[in-house]
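Beneath this line is the structure, given in structure tokens, with notes to follow.
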Amino acid sequence: MRTRLVVGNWKMNGGLASNAALLDRLAAGANSLARGTTLAVCVPFPYLAQARERLQGTPIAWGAQDASERAAGAFTGDVSCGMIAEFGCRYVIVGHSERRQVHGETDALVAAKARAVLDAGMTPIVCVGETLAEREAKLTDTVVGRQVDEAIEALGNEVSRVVVAYEPVWAIGTGRTATPEQAQAVHELLRSRLVGAGAAQVALLYGGSVKAANAAALFAMADVDGGLVGGASLDANEFLAIGGA
Ligand code: PGA
């Protein structure tokens with residue numbers, strides 16, 4: 001059976017003092033989660049130790065927002081999966097649209113990163129999603145299909161160990177959420193590709209302006225197994241309410 005997963009993506013936000021308050025409030029509120037829901041936060045690298053310190057022993061998991069596909073060496077500024085795993089991380093987001101757009105990450109690189117995360121014993125959250133121009137040109141299925149197929153091809157059987165997040169680029173940080181029906185239509189496509197690859201149980205998260213007010217309707221859709229939450233994950237009450245939806 002697929003279970004509910006709600007992951008916070010802090011992006012490049014936070015500070016030691018504000019994180020401490022947020023993490024402690026999440027830890028204290030973890031008993032308000034809906035039954036069967038796992039909550040996790042993906043924090044900036046410098047705060048992995050703090051996330052571990054504050055969340056260890058609670059039901060809340062933590063992780064990173066990116067990782068190098070390489071193991072070690074002369075790659076200034078990069079962070080390996082081995083390093084991230086040392087901090088007790090369960091999840092690593094790969095291929096977020098901001099990485100694809102700002103850092104030019106390709107489907108092939110995203111697949112290589114997902115492989116590296118798996119090899120380090122963690123779960124990659126592989127992000128896919130179309131831009132507004134692509135949606136308007138009716139290219140959503142083509143783009144999202146290509147993105148997930150690349151991961152399926154590169155990971156083989158192990159694709160069953162990933163989480164996939166559908167995040168329409170036009171809905172990220174814009175306040176413009178996909179309707180539950182729009183989300184379900186793309187999740188259905190993703191599910192059918194994954195079923196074809198023998199990975200029917202992969203958790204499919206929706207991301208893009210998820211908040212407490214719209215989470216329940218999104219999560220009620222047949223192929224929406226949870227959410228990847230940006231802005232709303234920086235507010236403990238809001239994020240816990242999404243976890244309780
Ligand atoms: P948002 O971001 O919830 O702020 O739209 C989601 C994401 O980018 O993961």
**Asked** What number of residues in the stretch 45-67 are open to solvent by 10 Å² or more (accessible area, probe 1.4 Å), in contact (Cβ under 8 Å) with a residue 12 or more places away in the chain and touching a helix residue (DSSP H, G or I) at 6+ places or on another chain (Cβ under 9 Å)?
**Response** 9
**Request:** Select, from A165, A178, A183, the only residue that is within 16 Å of the ligand (Cβ to nearest atom), of a type outside the set (D, E) and part of a loop (DSSP other than H, G, I, E, B).
**Result:** A178
**Complete:** Given (1) modelled with pLDDT under 95; (2) out of contact with any helix residue (DSSP H, G or I) (no Cβ under 6 Å at 6 or more places or on another chain); (3) surrounded by 22 or more Cβ atoms within 10 Å (Cβ to Cβ), P168 misses just (1)
**Message:** I'd like to know if the stretch 112-125 contains one or more residues that are acidic (D, E), modelled with pLDDT of 95 or more and within 16 Å of the ligand (Cβ to nearest atom).
**Reply:** no
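Collect the residues in the stretch 193-203 that are part of a helix (DSSP H, G or I) and farther than 12 Å from D141 by Cα, keeping them in residue-number order. Show your work before the answer.
If we filter the stretch 193-203 for residues that are part of a helix (DSSP H, G or I), which is where we start, we get 193-196.
Correct list: L194, V195, G196.
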**Request:** Output the qualifying pairs, or none if there are none: Cβ atoms under 7 angstrom, residues six or more apart or on different chains, first residue in the stretch 1-23 and away from the ligand (no atom under 16 Å from the Cβ), second residue modelled with pLDDT under 95 and in a loop (DSSP other than H, G, I, E, B).
**Result:** T3/G36; R4/A34; R4/G36
**Prompt:** Among the residues of the stretch 187-209, which ones are in contact (Cβ under 8 Å) with a residue 12 or more places away in the chain, aliphatic (A, V, I, L, M) and open to solvent by 10 Å² or more (accessible area, probe 1.4 Å)?
**Reply:** L189, A197, A203
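Out of A154, A133, A137, which single residue is touching a helix residue (DSSP H, G or I) at 6+ places or on another chain (Cβ under 7 Å) and either under 19 Å from V202 (Cα atoms) or more than 16 Å from the ligand (Cβ to nearest atom) (or both)? Don't jump to the end; show me each part of the working.
Working: A133 fails: touching a helix residue (DSSP H, G or I) at 6+ places or on another chain (Cβ under 7 Å); A137 fails: touching a helix residue (DSSP H, G or I) at 6+ places or on another chain (Cβ under 7 Å).
That would be A154, the only listed residue that is touching a helix residue (DSSP H, G or I) at 6+ places or on another chain (Cβ under 7 Å) and either under 19 Å from V202 (Cα atoms) or more than 16 Å from the ligand (Cβ to nearest atom) (or both).
If you take the residues of the stretch 37-67 that are more than 18 Å from the chain's Cα centre (by Cα) and small (G, A, S), which of them is farthest from A120 (Cα to Cα)?
G57
Looking at the stretch 223-232, can you tell me whether even one residue there is assigned to a helix (DSSP H, G or I), of a type outside the set (D, E), under 27 Å from L22 (Cα atoms) and within 16 Å of the ligand (Cβ to nearest atom)?
Taking the stretch 223-232 as the starting set, the residues that turn out to be assigned to a helix (DSSP H, G or I) are 231-232.
So of that shortlist, the ones also of a type outside the set (D, E) come out as 231-232.
Those left that are additionally under 27 Å from L22 (Cα atoms): 231-232.
Imposing the further condition that a residue be within 16 Å of the ligand (Cβ to nearest atom) reduces the set to 231-232.
The answer is yes, given that some residue of the stretch 223-232 is assigned to a helix (DSSP H, G or I), of a type outside the set (D, E), under 27 Å from L22 (Cα atoms) and within 16 Å of the ligand (Cβ to nearest atom).
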**Prompt:** Regarding A216, is this residue open to solvent by 20 Å² or more (accessible area, probe 1.4 Å), at pLDDT below 95 and among the hydrophobic types (A, V, I, L, M, F, W, C)?
**Reply:** no
**Request:** Quick one: count up the residues across the stretch 68-102 that are of a type in the set (S, T, N, Q) and open to solvent by less than 30 Å² (accessible area, probe 1.4 Å).
**Result:** 3
**Request:** May I ask you to verify whether A108 is touching a residue at least 12 places away in the same chain (Cβ under 8 Å), among the small types (G, A, S) and under 21 Å from G63 (Cβ atoms)?
**Result:** no
**Message:** Among the residues in the stretch 236-245, are any under 22 Å from R25 (Cα atoms), away from the ligand (no atom under 16 Å from the Cβ) and either aliphatic (A, V, I, L, M) or not in a helix (DSSP H, G or I) (or both)?
**Reply:** yes
**Item:** First in the stretch 89-100 and among the aromatic types (F, W, Y), second anywhere and within 10 Å of the ligand (Cβ to nearest atom), Cβ under 9 Å, 6 or more apart
**Value:** Y91/V7; Y91/C42; Y91/I125
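The values are calculated or read from the model by the stated rules, or taken from the named source; none is laboratory data. These numbers come from a predicted model, not from an experiment. We place every Cβ from the backbone using ideal geometry, glycine too, and count neighbours over all the protein chains shown. Protein only, heavy atoms only, side chains kept; ligands, DNA and RNA dropped before computing areas. Shrake-Rupley method; radii C 1.70, N 1.55, O 1.52, S 1.80 Å.
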